[in-house]
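Comments concern the structure below.
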Amino acid sequence: MGLLDGKVAFIFGIANHRSIAWGIAKQLHEHGATIALSIFNEDMRRRVEPLAEEIGCEFVEPCDVNQDDEVDAVFEKFKEKYGKLDILVHSIAFAPREALGGRFTDMKREDFKLTLESSAYSLVALAKRAEPLMDEGSSIMTMSYYAAEKYIPDYNAMAIAKSALESITRYLAVDMGPQGIRVNAISAGPIKTLAAAGIPGFRSLIKHFDAVSPLGETVSVDDVGKTAVYLASDLSRMVTGEIIYVDSGYQVLGITVPRDEM
């Protein structure tokens, strides 16, 4: 018996085998969930379909989450195939390259708006369509990062988007609580994903993280996936509106100097 036997999960944001969404998909599948996947566009299908086959996924559909008609269409296809939704995973983040790095005050209005719409409002858009398919005990989760709380070099617009995402998590938790739907966020440590590759200085950030974090180890997509299993299952029945850290303990630090240098 798996923790998620009989449950159906719809996961948005998978790009390749390094994606956090893939780590989550694998772990949810391992615990018995049926997995459906959404990709950004058809160009990603050739990379994602082999992964889908590994976990017996029969639903891989494109959706630009900034287009309401596409969001409506993908949820209608999902409803026709599965009829219900138990787990929604929002693992979507996008910022134009110009919105990362450089002076924060030089950010263009249109880049800021696109980052917020893609990375934060998209959770609202997906949750709205998911709610009618969900029963009591269902779970919605999204992916955040410590830049939502503290200054992280070069995150710029994405840091603001993560702050908004965490606030949205709390508001959705209150909105959907009466229906028994839980909404939480996972704040993961830095992981070498396709999205992270576009952040200036990311390699240096990873090295610093390993040197100072209490557990002294980089977080993997599988580590995040295991926490997702907890949030998707009845083990977290009374947990909602929370930011769950999977970051090797980094967020507890008040000073980030390696211990052997103190």
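The values are calculated or read from the model by the stated rules, or taken from the named source; none is laboratory data. Every value quoted in this text rests on a predicted model; they were computed, and no experiment measured them. Backbone-built Cβ (ideal geometry, glycine too); neighbour counts: all protein chains shown.
Check whether at least one residue in the range 65-83 is within 23 Å of Leu172 (Cα to Cα), at pLDDT 95 or above, touching a Phe, Trp or Tyr at 6+ places or on another chain (Cβ under 7 Å) and in a strand (DSSP E or B), and report yes or no. Checked the range 65-83: no residue is within 23 Å of Leu172 (Cα to Cα), at pLDDT 95 or above, touching a Phe, Trp or Tyr at 6+ places or on another chain (Cβ under 7 Å) and in a strand (DSSP E or B).
Filtered by the rule that a residue be in contact with a strand residue (DSSP E or B) (Cβ under 8 Å, 6 or more places away or on another chain) and among the small types (Gly, Ala, Ser), the range 234-262 gives Ser236, Gly241.
Pairs are defined by a Cβ separation below 7 Å, a sequence spacing of at least 6 or placement on different chains, a first member in the range 92-111 that is closer than 18 Å to Leu165 by Cα, and a second member that is in a helix (DSSP H, G or I) and of a type in the set (D, E, K, R); the pairs so defined are Pro96/Asp111; Ala99/Asp111; Asp111/Glu98.
Look at Leu235 and say whether it is exposed (fewer than 15 other Cβ atoms within 10 Å of the Cβ), at pLDDT below 95 and hydrophobic (A, V, I, L, M, F, W, C). So Leu235 does not fit the description; no. Selection of the range 135-177 for residues being surrounded by fewer than 21 Cβ atoms within 10 Å (Cβ to Cβ), assigned to a loop (DSSP other than H, G, I, E, B) and not hydroxyl-bearing (Ser, Thr, Tyr) yields Asp135, Glu136, Gly137, Glu149, Lys150, Ile152, Pro153, Asp154.
I'm trying to understand the selection: among the residues of the range 101-134, which are β-branched (Val, Ile, Thr), surrounded by fewer than 19 Cβ atoms within 10 Å (Cβ to Cβ) and closer than 24 Å to Phe40 by Cα? The one that is β-branched (Val, Ile, Thr), surrounded by fewer than 19 Cβ atoms within 10 Å (Cβ to Cβ) and closer than 24 Å to Phe40 by Cα: Val124.
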